[in-house]
Amino acid sequence: MKADHNSGLPLFGLIDGAAHYPLIHDVLTASGARFLSVFAGMPEEALGAASFFVFEIDDPAVPWVTELDRADEHLPCLSLIRSRVGLEDMATHLRAFLLADMGDGMTALIRYYDPRNIEAVLKAWGEPVQRIFMSPIQQWLYRGRHPAWQSVLNDSADDARICKSLHLRFDQAELDALAAHTEPDEVLHSLIKNEFVDGTRPYLTRFSDFLPRYRQALNWGLAQPADRLQFCEHTYLYGPEFDRHPYVQESLLQRKANGRSYEAAMQKLPGNVWTELASKDWR
């Protein structure tokens, strides 16, 4: 684990207990380190061991931190912060950024603490909210979808300010951008659940293999999540280049022109094409 920019400030971990339930909570409990649920006082506090936790790290090299690091490599859940304030104040500050106004009287939990979402949420928040969020944080470290640790630095000399409450609102374009960012992982989760993808492999291994397939679904203009999921399923069943089969290409081009669903387009393929695809002799 890399915790650079060591300024002598306290090092805290932010972790999603739901990502590896109940392992994360069990490790934190056994570690003896102080940790708090950021969901305290919210309805989400009922999630218990599946909550969002902030915890102290005295030594990043101890075995229990290494265990959490390995869990993050399997499914991203962990980020690190160099904090200008204590644990209780940091939990209060982090809690203020969890809910956002979606319009029409609706609010939603913003999973900024999922390392895969950090960049997208920072962009959606915009610079003013970023400054408020980073005020008590000198450095935020995460991996997410990256092979190496990424760093967000706060070079401001201003005093650390704790935010206890904040009205956050996303417009439709920002909501659409966040949804587009999170969808690949949602599709990949479904593929693992339906046993098209081996979920025991490290996250980056399976995500790097999956992402070109998902992007190809977008390239074919598949607008519905269900269509993109089924396309990706076919790439695992028949190979990542199955859409280069002449009959499949023709069917996808026609689908793009007439607007029918991906499933309807694939149902038009003759049975012998599926036999060829399964045998992979056509390549």
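The values are calculated or read from the model by the stated rules, or taken from the named source; none is laboratory data. Note that the structure is a prediction, hence the values are computed from the model and not measured. Cβ placement follows ideal geometry from the backbone for every residue including glycine, while neighbour counts extend to all protein chains displayed.
So the values come out like this:
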read-out	value
Any hit, region 12-35, residues being modelled with pLDDT under 95, at positive phi and of a type outside the set (Asp, Glu)	no
Tally of residues being surrounded by fewer than 18 Cβ atoms within 10 Å (Cβ to Cβ), closer than 21 Å to Pro147 by Cα and among the β-branched types (Val, Ile, Thr) across region 49-105	1
Verdict on Leu253 being over 25 Å from His74 (Cα atoms) and either surrounded by fewer than 19 Cβ atoms within 10 Å (Cβ to Cβ) or touching a residue at least 40 places away in the same chain (Cβ under 8 Å) (or both)	yes
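Quick grid of which residues meet (1) under 20 Å from Gly239 (Cα atoms); (2) touching a residue at least 12 places away in the same chain (Cβ under 8 Å); (3) part of a loop (DSSP other than H, G, I, E, B):
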residue: Glu174; (1), (2), (3): no, yes, no
residue: His181; (1), (2), (3): no, yes, no
residue: His189; (1), (2), (3): yes, no, no
residue: Ile192; (1), (2), (3): yes, yes, no
residue: Glu195; (1), (2), (3): yes, no, yes
residue: Arg201; (1), (2), (3): yes, no, yes
residue: Thr205; (1), (2), (3): yes, no, no
residue: Ser208; (1), (2), (3): yes, no, no
